[in-house]
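Below is one structure, written out as C-alpha cells; the observations come after it.
The values are calculated or read from the model by the stated rules, or taken from the named source; none is laboratory data. Bear in mind the structure is a predicted one, so any value in this text is a computation, not a measurement. Glycine gets a Cβ as well: all are built from the backbone with ideal geometry, and neighbour counts include every protein chain shown. Protein only, heavy atoms only, side chains kept; ligands, DNA and RNA dropped before computing areas. Shrake-Rupley method; radii C 1.70, N 1.55, O 1.52, S 1.80 Å.
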Number of protein chains: 2
Amino acid sequence: MADGTSAAPRPGTAPLTERSSRVAVARKLTRRAGREKAGAFLAEGAQAVGEALTAHTAGSLRVRELFATEHARHAEHLDRARAVGVPVHLVTEKAAASLSETVTPQGLVAVCDLPAVELDAALAERPALVAVLVGISDPGNAGTVVRVADAAGAGAVLFAGDTVDAYNGKAVRASTGSLFHLPVARNRDVGAVLTACREAGLRLVGADGYAEGDLDTADHAGELAGPTAWVFGSEAHGLPDEVKSQLDTTLRVPLYGRAESLNLATAAAVCLYASARAQHRAG
Amino acid sequence: MADGTSAAPRPGTAPLTERSSRVAVARKLTRRAGREKAGAFLAEGAQAVGEALTAHTAGSLRVRELFATEHARHAEHLDRARAVGVPVHLVTEKAAASLSETVTPQGLVAVCDLPAVELDAALAERPALVAVLVGISDPGNAGTVVRVADAAGAGAVLFAGDTVDAYNGKAVRASTGSLFHLPVARNRDVGAVLTACREAGLRLVGADGYAEGDLDTADHAGELAGPTAWVFGSEAHGLPDEVKSQLDTTLRVPLYGRAESLNLATAAAVCLYASARAQHRAG
C-alpha cells in the first residue's frame, strides 16, 4: 500500500446507494443478458479484484471501475486501481450487496470488460491441453473446472453449446482468478468447437462414465501424452451421443470402489491431471 | 415395483404435518446435537434412501422409518421399505420440507441409525487406501471427499479433529450414497487417528500446497504404491504444523499453470487417484 490514506473516502464524497444510477447500471451485469448488452461483467471479492487489476495492468483486460464499501478489506486494491487510472466509487453496504451473488458480500466489486475471445484466438498458440465444456449448467461447477484446467496447465477452456455463462458471478468466484489466467471462448455451436480443436492438432477425448476404455489403461498405453482436448458433458446427462460420435475416443475414470460416479469437477481434475502428468513426463 | 398400489396412502391415513410429534422428533436430527442424542441421522432423496435401504437389507445399517409425501417420486422405495419392515409415514409437503436441508426437497427422507464406528473397527481390514479429514468445515466438501474416496477404492474415511459431522444433511447428500459404502469413523483426537493409521500399516501422507515434494515425482519414484493414508487439512488453512510433524511426508499437487491452488475436493481426487492407480499397477 503506497499511501494508505488514499483508500479512505474522499472528503465530501457520500457513498453511492443501491438506488444510484451507477450502481443500478452495474447491477444489470448480474444477469447474462445485461452482461452481453453492456459487454462487461462483475468480479467480486479481494482475490478476483486483485487478479482483474493485475490483468488490467498487464493490458490483457480492462477494468472499467471499482465499487468498494467503507469497510471493504484489502484497501490496497483501491490504491492499485487509482494508480492505474481505474475510478473507485465508495458505495453503501446495501449497494455492494445488490451487486453481489454471494451470501457474504465482500464489499469490493470490479466492473470488467467482457473478453470477446474467438475460438481461433483461444487456440492460436496450439495449446497441448484444452478443456471443453458441453452443456454444463451449474456455474460453480463450470468455474471450478476452469480453476482445475488452469492448475493442470491447460491453455484454453471452451464453453460450448448450452453451457452456463463463464462470466456468471458464481462461475467467476469458483474460478478463483483462473478466468483471468487463460483464454475462455464461448460458442453455441458444439460442432464448430470440436472442429476448431481438431484443426489445432488436438485429439478429442470425452469423459464418459460408460466408456469402454478407462483412463489408467489409456495412460499406461501412452495415449494421453499428445495434445488433448478433454470434453466434459453435463452433470446430469453426460455427453450426448451426437457429440460422442464426433470425438476420437471416450474414456471413463475407473471406479475402484462402490461409488457410481464422480462429480464433474473431481472427474475433470482426475482426467486433466492424467494428461498433464503424461505430457510432462513425455516432454 | 412389486405392487405399485401399496405406495399410495392407505385409506383413512391423513398425512402427518410439520407439527406432528413424529416429524418434530425427526426434525431434531437436522442438528448435530440432536443426531448424537438420538443416535440417528436423516438420509434425504431417492438416491440416499435407496442406498440406506440396501444397507438395511444387507444388515449393515438400520433404517428406523421413512417419511414420504404423496408426490414423492421413486415410490418403489416405499414398497422396498415396507417389504423389509421399515414403517412408512405419509407427510405433507411442508413437513417434508421441514426435514430437508436442500432448496428443492425431494419429499423422501429416511431416519437411519447413526453408525458408531470406532477407529480400530474402521481400520480392522487393513485397507490399502484411507482418507483422513482434519478440520474440514464445509459439509458439502466433506461429503464430496467421501464420494471421491469411495470411487478411488479407499477402505475407510476418518473424520478427525474439528471436522464437520459426516452425518450433516449436506454431507450425506454430497456423498451420493458413498457414506453407506465404506466405514466412516469420527474422532476428535487427531493424534489418536494418525497413530491408529500407522498401527494399521499405513504410510501417512499429507496434502500440502507448500510441500517440497510433489505428487508426480513421488508417484514416479514408486512412493505411492504402498498402503497410504492421505491426510487433508481445512479449505482455508490447510494442515496445521503440529499435524504435519506427525506425518511421514507431505506432497503438493503440482500446479502446471497459474492457479494458486486446487480446492479440497479436486485436490483429494488427484491425490487419491494417484495412489489408487499406483497400487493397482503394482498389485
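Annotation note: of B:196, B:200, B:236, B:192, the sole residue that is at pLDDT below 95 and out of contact with any strand residue (DSSP E or B) (no Cβ under 7 Å at 6 or more places or on another chain) is B:236. When the residues of region A:181-212 are filtered to those that are open to solvent by less than 30 Å² (accessible area, probe 1.4 Å) and part of a helix (DSSP H, G or I), the one that is nearest to the other protein chains (Cβ to nearest Cβ) is A:197. Scanning region B:163-183 for residues that are touching a strand residue (DSSP E or B) at 6+ places or on another chain (Cβ under 8 Å) and under 17 Å from residue B:137 (Cβ atoms) yields B:163, B:165, B:166, B:167, B:169, B:172, B:173. Could you say whether any residue in region B:157-179 is among the small types (Gly, Ala, Ser), within 14 Å of chain A (Cβ to nearest Cβ), buried (at least 24 other Cβ atoms within 10 Å of the Cβ) and outside any helix (DSSP H, G or I)? The answer is yes, given that some residue of region B:157-179 is among the small types (Gly, Ala, Ser), within 14 Å of chain A (Cβ to nearest Cβ), buried (at least 24 other Cβ atoms within 10 Å of the Cβ) and outside any helix (DSSP H, G or I). Among residues belonging to region B:227-248 that are open to solvent by 20 Å² or more (accessible area, probe 1.4 Å) and in contact with a Lys or Arg (Cβ under 8 Å, 6 or more places away or on another chain), point out the one that is nearest to the other protein chains (Cβ to nearest Cβ). Filtering region B:227-248 for residues that are open to solvent by 20 Å² or more (accessible area, probe 1.4 Å) and in contact with a Lys or Arg (Cβ under 8 Å, 6 or more places away or on another chain), the one nearest to the other protein chains (Cβ to nearest Cβ) comes out as B:227. Residues in region B:101-122 that are closer than 21 Å to residue B:14 by Cβ and open to solvent by 20 Å² or more (accessible area, probe 1.4 Å): B:105 alone.
Within region A:47-82, the set of residues being assigned to a loop (DSSP other than H, G, I, E, B) and open to solvent by 60 Å² or more (accessible area, probe 1.4 Å) comprises A:59, A:60, A:62, A:70, A:71, A:73, A:74. Note on region A:1-36: residues that are modelled with pLDDT of 90 or more and surrounded by 12 or more Cβ atoms within 10 Å (Cβ to Cβ) total 19. Any idea which of B:163, B:144 is touching a residue at least 40 places away in the same chain (Cβ under 8 Å), over 14 Å from residue B:118 (Cα atoms) and out of contact with any Pro (no Cβ under 8 Å at 6 or more places or on another chain)? Exactly one residue qualifies, and that residue is B:144. Please enumerate the residues belonging to region A:213-255 that are of a type in the set (S, T, N, Q), over 29 Å from residue A:283 (Cα atoms) and assigned to a loop (DSSP other than H, G, I, E, B). Answer for region A:213-255, where residues must be of a type in the set (S, T, N, Q), over 29 Å from residue A:283 (Cα atoms) and assigned to a loop (DSSP other than H, G, I, E, B): just A:245.
Out of B:215, B:224, B:251, one residue alone is within 14 Å of chain A (Cβ to nearest Cβ) and in contact with a Cys (Cβ under 7 Å, 6 or more places away or on another chain). It is B:215. For a quick check of your reading of the model, give me the residue pairs whose first member lies in region B:48-69 and is closer than 17 Å to residue B:173 by Cβ, whose second is open to solvent by 60 Å² or more (accessible area, probe 1.4 Å), with beta-carbon atoms closer than 6 Å and at least 6 apart or on different chains. Filtered contacts from region B:48-69: B:53/B:80. Taking the criterion of being facing chain A (nearest Cβ under 8 Å), open to solvent by 20 Å² or more (accessible area, probe 1.4 Å) and polar (S, T, N, Q), the residues of region B:259-280 that qualify are B:261, B:263. Here region B:213-226 is the region considered, the condition is being within 11 Å of residue B:249 (Cα to Cα) and of a type in the set (Asp, Glu), and the residue that is surrounded by the most Cβ atoms within 10 Å (Cβ to Cβ) is B:223.
Checked against the criteria, residue A:224 counts as over 20 Å from the mean Cα position of the chain (by Cα) and more than 21 Å from residue B:151 (Cα to Cα).
Would you pick out the residues in region B:137-156 that are buried (at least 24 other Cβ atoms within 10 Å of the Cβ) and touching a strand residue (DSSP E or B) at 6+ places or on another chain (Cβ under 7 Å)? Passing the criteria: B:142, B:145, B:146, B:149, B:152, B:154, B:156. Just one of the listed residues (A:110, A:124, A:142) is in a loop (DSSP other than H, G, I, E, B) and among the aliphatic types (A, V, I, L, M), namely A:124.
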